[in-house]
Structures are given as structure tokens and as C-alpha cells.
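*Asks:* I have a structure here, written as C-alpha cells, and I will follow up with some questions on it.
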Ligand code: SF4
């Protein structure tokens with residue numbers, strides 16, 4: 001899975017969990033990308049801020065890994081900031097939409113207007129099923145939100161989304177224990 005080299009078609013990843021249940025509907029292959037320059041005060045993922053070299057995976061290889069993962073209903077992109085690796089993120093979302101029945105959920109700290117200015121919005125909107133956008137604002141934190149950290153963040157279901165709008169209430173966390181017994185806590189407990 002780990003590459004020791006990078007090219008422009010490689011993701012720089014922080015972490016992957018192939019089976020998560022709290023980042024959108026169903027069982028989801030979740031991908032945390034390394035690197036975010038947005039610097040939200042109170043961010044829980046500061047170790048994912050530096051765009052340092054972490055784990056490089058060619059986008060085609062990651063796509064094949066997703067295809068070979070059983071019992072998932074979709075893919076969720078988090079970070080870090082997925083749209084700071086826009087070429088590869090948009091390529092993968094488009095590939096998933098065109099070639100599979102899997103849905104895509106994308107967390108981004110950027111606002112829609114910023115993504116429009118960067119030219120990313122049309123591809124993101126046309127190929128995602130749910131976009132959760134906007135900076136995390138500590139003063140607007142609400143621990144009763146299931147899919148968002150703060151109330152300013154927007155849940156955007158594109159017109160041809162394959163996901164049903166669902167309630168955003170109820171904080172959830174998930175504890176993953178791998179085959180070696182190491183424990184990872186996902187989500188943000190109060
Ligand atoms: S956009 Fe997300 S990862 Fe980036 S600083 Fe804000 S909360 Fe943290």
C-alpha cells in the first residue's frame with residue numbers, strides 16, 4: 001500500500017479506514033489526506049496540517065483498493081484538506097461516480113465561493129453525493145451535530161445526489177480495533 005516515491009498522480013495520505021460508519025450513510029471507505037493550510041482554531045487534526053511527505057499512493061492504486069474492499073456503500077474524503085490535493089481528489093471522485101455504484105462524501109474547509117473561484121466547484125458538485133463545506137468555527141461548535149463540527153458548516157446535496165437527506169442530529173464516535181489490537185477512535189467526543 002505504501003509508496004516510497006511520489007508523482008503528480010499520487011495522493012499524499014494521512015490515514016485510511018476501510019470500514020467506517022460515522023462519516024456519512026452506510027459503511028464507508030474513509031480517506032484522510034495529509035495537509036491543510038486553513039488553520040481553523042480548535043481543529044482536532046493539527047497533525048494533518050503540514051504538507052509534509054507522508055504516505056504516497058498512486059490514485060489508480062487507491063481506486064483499485066476501494067474496488068477490492070467488500071461491503072462498502074461509499075467513500076468519504078476528509079483531512080487535512082481534500083481540495084488542497086484537488087487534481088487527484090477530483091479525479092477519484094469522478095472515477096467513482098462514472099464507474100461504480102459507490103457514493104462520495106467530501107469534507108472541505110473551503111466555502112463554495114472559494115471552490116468556485118479556484119475552478120473546482122463544477123467537478124466537485126457534479127460527482128459528489130454530499131459536500132460538507134466551510135471552516136470549523138470553535139465558537140459555533142455543536143456536539144449534537146452528527147456530520148458537522150460547527151453550525152456554520154453547510155451540508156450540500158447536489159441535485160443528482162444518490163443519497164437521501166437525513167437528520168444531522170446526534171454526535172457519534174467509532175472505535176476501531178485492528179487485528180493487532182491497536183485502537184483508533186474516530187469522531188470527536190465531547
Ligand atoms: S479545514 Fe479541517 S483540517 Fe483544515 S484546519 Fe480546518 S478543521 Fe482542521
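The values are calculated or read from the model by the stated rules, or taken from the named source; none is laboratory data. Everything numeric in this text was worked out from a predicted model, so none of it was measured. With ideal geometry, Cβ positions are generated from the backbone for all residues, glycine too; neighbour counts draw on all protein chains shown.
*Asks:* Of the residues 141, 146, which is within 16 Å of the ligand (Cβ to nearest atom) and surrounded by 15 or more Cβ atoms within 10 Å (Cβ to Cβ)? Outline the logic, then answer.
*Replies:* Numbers: 146 fails: within 16 Å of the ligand (Cβ to nearest atom).
Result: 141 is the single residue among 141, 146 that is within 16 Å of the ligand (Cβ to nearest atom) and surrounded by 15 or more Cβ atoms within 10 Å (Cβ to Cβ).
*Asks:* If I filter segment 46-79 down to residues being in a helix (DSSP H, G or I) and in contact with a strand residue (DSSP E or B) (Cβ under 7 Å, 6 or more places away or on another chain), which single residue comes out as nearest to the ligand (Cβ to nearest atom)? Walk me through it before giving the result.
*Replies:* Taking segment 46-79 as the starting set, the residues that turn out to be in a helix (DSSP H, G or I) are 46-48, 59-67.
With in contact with a strand residue (DSSP E or B) (Cβ under 7 Å, 6 or more places away or on another chain) added as a condition, the list becomes 48, 59, 62, 66.
Working: 48: 6, 59: 21, 62: 20, 66: 22 Å.
So, considering only residues that are in a helix (DSSP H, G or I) and in contact with a strand residue (DSSP E or B) (Cβ under 7 Å, 6 or more places away or on another chain), the one nearest to the ligand (Cβ to nearest atom) is 48.
*Asks:* Sticking with this one: (1) within 16 Å of the ligand (Cβ to nearest atom); (2) closer than 20 Å to residue 153 by Cβ; (3) loosely packed, with under 15 Cβ neighbours inside 10 Å: which one isn't true of residue 43, the others all being true?
*Replies:* Only one criterion is unmet by residue 43, namely (3).
*Asks:* Going through 14, 104 one at a time, which residue ends up being closer than 25 Å to residue 174 by Cα, within 14 Å of the ligand (Cβ to nearest atom) and surrounded by 18 or more Cβ atoms within 10 Å (Cβ to Cβ)? Give the derivation first.
*Replies:* Details: 104 fails: within 14 Å of the ligand (Cβ to nearest atom).
None of the others qualify; the one that does is 14.
*Asks:* Does residue 113 satisfy being modelled with pLDDT of 95 or more, within 16 Å of the ligand (Cβ to nearest atom) and surrounded by fewer than 16 Cβ atoms within 10 Å (Cβ to Cβ)? Write out each step before concluding.
*Replies:* On the way: modelled with pLDDT of 95 or more: yes; within 16 Å of the ligand (Cβ to nearest atom): yes; surrounded by fewer than 16 Cβ atoms within 10 Å (Cβ to Cβ): yes.
Taking the combined requirement at face value, the residue satisfies it.
*Asks:* If you don't mind, there's one more thing I want to ask. State whether one or more residues within segment 86-95 are in contact with a strand residue (DSSP E or B) (Cβ under 7 Å, 6 or more places away or on another chain), more than 18 Å from residue 133 (Cα to Cα) and either more than 13 Å from the ligand (Cβ to nearest atom) or in contact (Cβ under 8 Å) with a residue 24 or more places away in the chain (or both).
*Replies:* Just the residues of segment 86-95 that are in contact with a strand residue (DSSP E or B) (Cβ under 7 Å, 6 or more places away or on another chain), to begin with: 88-89, 93.
Then keep just the ones that are more than 18 Å from residue 133 (Cα to Cα); that gives 88.
Within this subset, residues satisfying the condition of being either more than 13 Å from the ligand (Cβ to nearest atom) or in contact (Cβ under 8 Å) with a residue 24 or more places away in the chain (or both) are 88.
Yes, the conditions are met somewhere in segment 86-95.
*Asks:* Return a yes/no flag: does segment 178-190 have any residue that is under 18 Å from residue 23 (Cα atoms), under 16 Å from the mean Cα position of the chain (by Cα) and not in a strand (DSSP E or B).
*Replies:* Yes, that holds for at least one residue.
*Asks:* If you go through segment 36-86, how many residues are under 17 Å from residue 110 (Cα atoms) and under 13 Å from the mean Cα position of the chain (by Cα)?
*Replies:* Number of matching residues: 14.
*Asks:* Condition check: within 16 Å of the ligand (Cβ to nearest atom) and either without any contact (Cβ under 8 Å) to a residue 60 or more places away in the chain or touching a helix residue (DSSP H, G or I) at 6+ places or on another chain (Cβ under 7 Å) (or both). Does residue 37 satisfy that? Give the derivation first.
*Replies:* Details: within 16 Å of the ligand (Cβ to nearest atom): yes; either without any contact (Cβ under 8 Å) to a residue 60 or more places away in the chain or touching a helix residue (DSSP H, G or I) at 6+ places or on another chain (Cβ under 7 Å) (or both): yes.
Taking the combined requirement at face value, the residue satisfies it.
*Asks:* Collect the residues in segment 17-28 that are crowded, with 23+ Cβ neighbours inside 10 Å and part of a strand (DSSP E or B), keeping them in residue-number order. Outline the logic, then answer.
*Replies:* Taking segment 17-28 as the starting set, the residues that turn out to be crowded, with 23+ Cβ neighbours inside 10 Å are 23-24, 28.
28, the sole residue that qualifies.
*Asks:* A follow-up question, please. Please find, among 145, 159, 163, the residue that is out of contact with any helix residue (DSSP H, G or I) (no Cβ under 8 Å at 6 or more places or on another chain), within 18 Å of residue 109 (Cα to Cα) and modelled with pLDDT of 75 or more. Let's see the steps before the verdict.
*Replies:* Details: 159 fails: within 18 Å of residue 109 (Cα to Cα); 163 fails: within 18 Å of residue 109 (Cα to Cα).
None of the other options fit; the residue is 145.
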